[in-house]
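The values are calculated or read from the model by the stated rules, or taken from the named source; none is laboratory data. Please read all numbers here as calculations on a predicted model, not as lab measurements. Here the Cβ positions follow ideal geometry from the backbone for every residue, glycine too, while neighbour counts run over all protein chains shown.
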Amino acid sequence: MPELSLQQAIFRGTSELNSNGLTFAPNPIALANDFEFSSNYSGAIALPSNSSKQPRHNGYEFVKLSTPNIKIPDTTLENLWECTKEHYGLTAFAVFAGTASIPIDKVTLGYRVWEGSSRNTNIISHIGTSFFPLTRLPAKSSAARLAKATFGTIRVFGIIGRAMPFVALGLAVFDVVSIGLCAYDAQNGK
Amino acid sequence: MMRKMENKLSKDEVIAAITDILVGVVGWIEKDKVLPTAHCVLDLHINGDDLSMVAMQVEKHFRIESTQDEWSHIGTVEQVADLVLKNLPQSR
């Protein structure tokens with residue numbers, strides 16, 4: 001349906017009603033004004049008037065539908081905050097994991113860097129190297145084979161250090177999704 | 001080993017000692033896979049942090065001091081042995 005101006009819509013609507021056998025002859029200027037000044041209402045209807053001979057009716061009865069007086073609670077932010085508080089522990093761990101995976105220059109920490117190997121480590125791996133250098137997975141175990149294939153090491157702290165950025169990212173994504181779902185459920189009364 | 005170090009260590013002995021350190025630190029690699037000319041990162045795929053620990057253990061074992069610039073050009077056990085022999089005090 002093409003977009004029409006209010007005056008055009010009134011003219012067209014009146015014509016269609018009259019062509020269908022109704023007699024509707026409103027004052028188009030007065031009707032347009034009534035519609036224009038009804039923007040604060042939820043709706044407005046112009047009805048053929050039985051008292052069309054009286055000048056103040058302008059050939060129609062104008063009915064305005066008032067806006068329902070219902071306060072729409074803005075619960076989204078409250079729900080989000082409640083859900084965030086519920087997940088605070090997880091969020092804190094995500095922050096910790098993110099911090100623990102920040103790359104640190106090995107040379108600055110006093111380590112030697114071989115040709116072709118990474119110049120960076122992280123705080124978890126550094127702590128492991130310093131205090132638990134030989135804490136390893138059992139060499140022949142399947143866990144060790146998996147760790148070796150995935151992270152290139154079977155040192156426990158080396159594995160944790162390598163995995164931590166992925167853990168942090170995963171937790172951060174999980175946090176956002178989980179908080180969003182929780183807020184959605186709360187919004188819908190579940 | 002220390003008594004031998006007081007004399008002159010052969011390159012083969014140094015290589016054998018470094019290989020033992022490497023195998024001990026890395027934990028998952030077989031000794032016979034560690035060829036002197038195999039690149040520890042590119043060929044053996046050893047983790048960089050493990051190699052840093054190997055470097056520390058090598059310096060401690062042979063009581064040598066080395067710089068990062070020297071380690072920047074080292075990728076094989078043989079090159080580590082050369083570094084050790086270069087940095088061993090002449091009196092040993």
Subset of the range A:118-168 [assigned to a helix (DSSP H, G or I), facing chain B (nearest Cβ under 7 Å) and of a type in the set (Val, Ile, Thr)] = A:Thr129
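One line per residue, one yes/no per condition, for (1) more than 22 Å from A:Phe157 (Cβ to Cβ); (2) within 8 Å of chain A (Cβ to nearest Cβ):
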| residue | (1), (2) |
| --- | --- |
| B:Thr37 | yes, no |
| B:Ile46 | no, yes |
| B:Leu51 | no, yes |
| B:Val58 | no, no |
| B:Gln68 | yes, yes |
| B:His73 | yes, yes |
| B:Ala81 | yes, no |
| B:Lys86 | yes, no |
request  = Select, from B:Leu83, B:Leu51, the only residue that is farther than 25 Å from A:Arg136 by Cβ and in contact with a Ser or Thr (Cβ under 7 Å, 6 or more places away or on another chain).
outcome  = B:Leu83
task = Would you please list the contacts, defined by Cβ atoms under 7 Å and residues six or more apart or on different chains, that run from a residue in the range A:99-114 that is farther than 12 Å from B:Gln68 by Cα to a residue that is at pLDDT 85 or above and surrounded by fewer than 21 Cβ atoms within 10 Å (Cβ to Cβ)?
result = A:Pro103/A:Asn120; A:Ile104/A:Asn120; A:Asp105/A:Arg119; A:Asp105/A:Asn120
Tabulated pairs, the range B:56-69, first crowded, with 17+ Cβ neighbours inside 10 Å, second of a type in the set (Val, Ile, Thr) and not in a helix (DSSP H, G or I), C-beta under 9 angstrom, 6+ apart or interchain = B:Val58/B:Ile64
